[in-house]
1. Hey, could you check segment 192-212 for residues that are free of Cβ contacts under 8 Å to residues at least 40 places away in the same chain and away from ligand 2 (no atom under 14 Å from the Cβ) and say which is farthest from Ile151 (Cα to Cα)?
2. Can you find a residue that is among the β-branched types (Val, Ile, Thr) and either assigned by TED's automatic domain parsing to the domain that holds Leu71 or outside any helix (DSSP H, G or I) (or both) anywhere in segment 140-161?
3. Do we find a residue being within 15 Å of Gly196 (Cα to Cα) and within 16 Å of ligand 1 (Cβ to nearest atom) anywhere in segment 123-144?
4. Is it true that some residue in segment 69-77 is modelled with pLDDT of 95 or more, within 16 Å of ligand 2 (Cβ to nearest atom) and surrounded by 14 or more Cβ atoms within 10 Å (Cβ to Cβ)?
5. I'm trying to understand the selection: among the residues of segment 173-195, which are part of a loop (DSSP other than H, G, I, E, B), closer than 21 Å to Asn102 by Cβ and more than 16 Å from ligand 1 (Cβ to nearest atom)?
6. Quick check on this structure: which one of Ile161, Ile192, Ile201, Ile95 is in contact with a helix residue (DSSP H, G or I) (Cβ under 8 Å, 6 or more places away or on another chain), aliphatic (A, V, I, L, M) and under 25 Å from Thr66 (Cβ atoms)?
7. Go through Thr106, Thr117 for me and flag whichever is crowded, with 16+ Cβ neighbours inside 10 Å, within 15 Å of ligand 1 (Cβ to nearest atom) and closer than 30 Å to Val44 by Cβ.
8. Here is a list: Ser153, Ser180. Which entry is in contact with a Lys or Arg (Cβ under 6 Å, 6 or more places away or on another chain) and among the polar types (S, T, N, Q)?
Amino acid sequence: MAPSNDWKFTRRDVLKMGAMSVTALAAPRLVTAASEPGATGKPVTAKVALEVNGTPQALELDTRTTLLDALREHMHLTGTKKGCDHGQCGACTVIVDGRRINSCLTLAVMHEGAKVTTIEGLGKPGSLHPMQAAFVKHDGYQCGYCTPGQICSAVAVLDEIKEDIPSHVTGDLTAKARFSRTEVRERMSGNICRCGAYSNIHDAIEEVAGGAA
Ligand code: FES
Ligand code: FES
């Protein structure tokens, strides 16, 4: 018996059916999105209070605003740099409640009441933080784009070592995490310098660590 032609499809029919099923799958999501708050085109905002470089800041922000954008676009603290905006370069490093973080990877609303220190809060021209002065002395930069993140990270790294917080390369976790080239290299590995000023950056950190010791 010859096969029936009832179920024969052209390539065009198959493509049409595919498009219809994708639309059917997407439809419930579209309905949900349309009924979510903010889907009308109005951003959802929230009040956020932070202390930045010792100054209280009260902001009303789109809840999707990263801490980096809050600093740069809303507080005009443009010392903190946006490199990759994906947590890969460290240019956006700031110190929040004593710990360094990538400000591009966190939302400002998550830091209600936090104390944030940026490069502007570490020191000023004429009264530089010792780490800023050491970077200048040792030429720890070329274009300078990564430098604010490098300096904030370096300041926090020395505090981590002082507080005996181990790193990935700390051999004996019960021993005090001592300052060493390997420790600093590992701890600073999230801060990328496209100009390759690494050895000078290390010399600057080493000098400050030596001074502190
Ligand atoms: S801008 Fe945040 S890690 Fe690159
Ligand atoms: S000084 Fe240019 S990227 Fe580091």
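1. Gly210
2. no
3. Restricting attention to segment 123-144, the residues satisfying the condition of being within 15 Å of Gly196 (Cα to Cα) are 135, 138-144.
Cutting the leftovers down to within 16 Å of ligand 1 (Cβ to nearest atom) gives us 143-144.
Yes, segment 123-144 contains a residue that is within 15 Å of Gly196 (Cα to Cα) and within 16 Å of ligand 1 (Cβ to nearest atom).
4. So far as segment 69-77 goes, no, none of its residues is modelled with pLDDT of 95 or more, within 16 Å of ligand 2 (Cβ to nearest atom) and surrounded by 14 or more Cβ atoms within 10 Å (Cβ to Cβ).
5. Those that are part of a loop (DSSP other than H, G, I, E, B), closer than 21 Å to Asn102 by Cβ and more than 16 Å from ligand 1 (Cβ to nearest atom): none in segment 173-195.
6. Checking each option against the conditions leaves just Ile95.
7. So the residue among Thr106, Thr117 that is crowded, with 16+ Cβ neighbours inside 10 Å, within 15 Å of ligand 1 (Cβ to nearest atom) and closer than 30 Å to Val44 by Cβ is Thr106.
8. Ser153
The values are calculated or read from the model by the stated rules, or taken from the named source; none is laboratory data. Keep in mind it's a predicted model, so treat the numbers as computed, not measured. Neighbour counts run over all protein chains shown; Cβ positions are idealised from the backbone, glycine included.
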